[in-house]
Amino acid sequence: MDAGAVIEEKYRALSGHLDEATLRLWAAVEARALGQGGVSAVARAVGLSRTTIYAGLRELAAPAARIEPLAGGSRRVRSQGGGRKKLTAKDPTLLRDLDALVEPTARGDPQSPLRWTCKSTPHLAQELVARGHTVSQRSVCDLLAQLDYSLQATRKIHEGGKQADRDAQFSHIATLAAQYQAAGDPVVSVDTKKKELIGDFKNAGREWQPKGTPEAVRVYDFIDPELGKVAPYGVYDVGANQGWVSVGITHDTAEFAVESIRRWWREMGQPLYPTARRLLITADCGGSNGYRVRLWKVELQKLADGLGMAIQVCHFPPGTSKWNKIEHRMFCHITQNWRGRPLVSREVVVNLIGNTTTAGGLQIKAQLDDRDYAAGIKVSDQELAAVLIERDEFHGEWNYRVKPRQPGG
């Protein structure tokens, strides 16, 4: 075995046990033992630079210096001041310029070149280099962390203009709901889930699949003229933790919304509340069940007449639709259940909704509603006046009761 192979074998055995300083000295000892050409031989065998080995030889030739221990009992590996200097030490304006690029308006630079483009680390590095700094994309990542920046998405917080009686309306709804539940009467939350494209379209989220075989879907989300869209309208029973979803195939109208409530009552509500004489509905202030929608009230009158019970409606104030319980107790779980799956047919939508469950015991029934609901139906003043409606003293436009038009209702 030649000398280079022997040194390489020694290096493999010792490298995991030596720090930078002792490795340098060991390599220098081996080079000196080999004599002429020893530095080059050791450098080739262990992969150290010749400069490092020569530094070790100088340390061997110098008088032995007392090694000062560091805090914690460890000893210094490099000499005082050794190692590469930090970028911020060599370039004192680097952090300031980077901060101004990331937050230009907050740092008083409304004309920043990156105000209207993606502030990615490559873009930031390029702009810093253009300003005379020497920095890489990887270093920009470290500097951003040093400045306490992180990658963040936008957060939905602003709800628009805050209505003066918003909190009072929440309290009014909570009080009414507690009264209804204490009396054994149903309290439901209703809303329309966003319309979904039917077909092999991309659906947000990820689902477990065999590695390297993702499900193929269309590149473009153009509506399929044959399959169209579906509009799921949900009814969530707050007390029973049960839900109903009618999957409509045409327009999301007040007629469709009330028909969904009617189907919920027939399939789920009546068996649970056989003696109920009233129903409380909490709904958003807009959409097909909005408080300004005339057809909504006319259709509620038909429902009240058919069920023979009074229907109390409470609308959430403008800009507070996410407080509606159906949003965070039912719709979010439906979205989670079908994540990463293309909704290739109406039957798939119905089955995925109907099989949504939670650890808290949520149960949902779903049904396809293939009726054609006409859009743009006008309700005359006479038709609206025929609705037997009683408005609460507190915000009667949001809180009202539709009574059945028959004795005993």
**Asked** Given labels modelled 7 Å from the Cα in the Cβ direction, how far is it in nm from residue 18 to residue 406?
**Response** 9.9
**Prompt:** Each residue of region 283-289 in turn: what ³J(HN,Hα) in whole Hz from Karplus with 6.51, -1.76, 1.60 and θ = phi - 60°, glycine and Pro shown as x?
**Reply:** 8, 5, 8, x, x, 5, 10
**Asked** Can you pull out the GluC sites (Glu not before Pro) in region 328-409 that DSSP calls coil and that have at most 15 other Cβ atoms within 10 Å?
**Response** 393, 397
**Fill in**
The Rg/Rh figure for the chain, Cα atoms and Kirkwood Rh, to two decimals is 1.27
**Message:** I need the calculated FRET efficiency for the pair residue 51 and residue 148, taking r as the beta carbon distance and R₀ as 41 Å, to the nearest 0.05.
**Reply:** 0.60
**Prompt:** What is the spin-label model distance, in nm, from residue 221 to residue 200 if the labels are put 7 Å beyond Cα along the C-beta direction?
**Reply:** 1.9
**Area accessible to solvent at residue 256, 1.4 Å probe radius, in Å²** = 0
**Asked** Using Cα-only point scatterers and the Debye equation, what is log10 of I(q)/I(0) for region 179-290 at each q in 0.12, 0.14, 0.19 Å⁻¹, rounded to two decimals?
**Response** -0.57, -0.70, -0.97
**Dipole of the chain, positive direction: furthest Cα of 308, 177, 61, with charges on the beta-carbon** = 61
**the chain - accessible surface per residue (Å², probe 1.4 Å)** = 58
**Message:** What is the percent carbon and sulfur in the accessible area of the chain, measuring with a 1.4 Å probe over the protein chains and ignoring ligands?
**Reply:** 52
**Message:** 7 Å from Cα along Cα→Cβ at both residue 155 and residue 134: what's the point-to-point distance in nm?
**Reply:** 4.0
**Fill in**
Note: region 273-409, point scatterers on Cα, Debye, no solvent; log10 I/I(0) at q = 0.13, 0.15, 0.17, 0.22 Å⁻¹ equals -0.75, -0.96, -1.13, -1.32
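The values are calculated or read from the model by the stated rules, or taken from the named source; none is laboratory data. Because the structure is predicted, anything quoted here is derived from the model rather than measured. Every residue, glycine among them, receives a Cβ derived from its backbone with ideal geometry; neighbour counts consider all protein chains shown. Please note that ligands, DNA and RNA were not included when accessible areas were found on the heavy atoms of the full protein model with its side chains. Shrake-Rupley method; radii C 1.70, N 1.55, O 1.52, S 1.80 Å.
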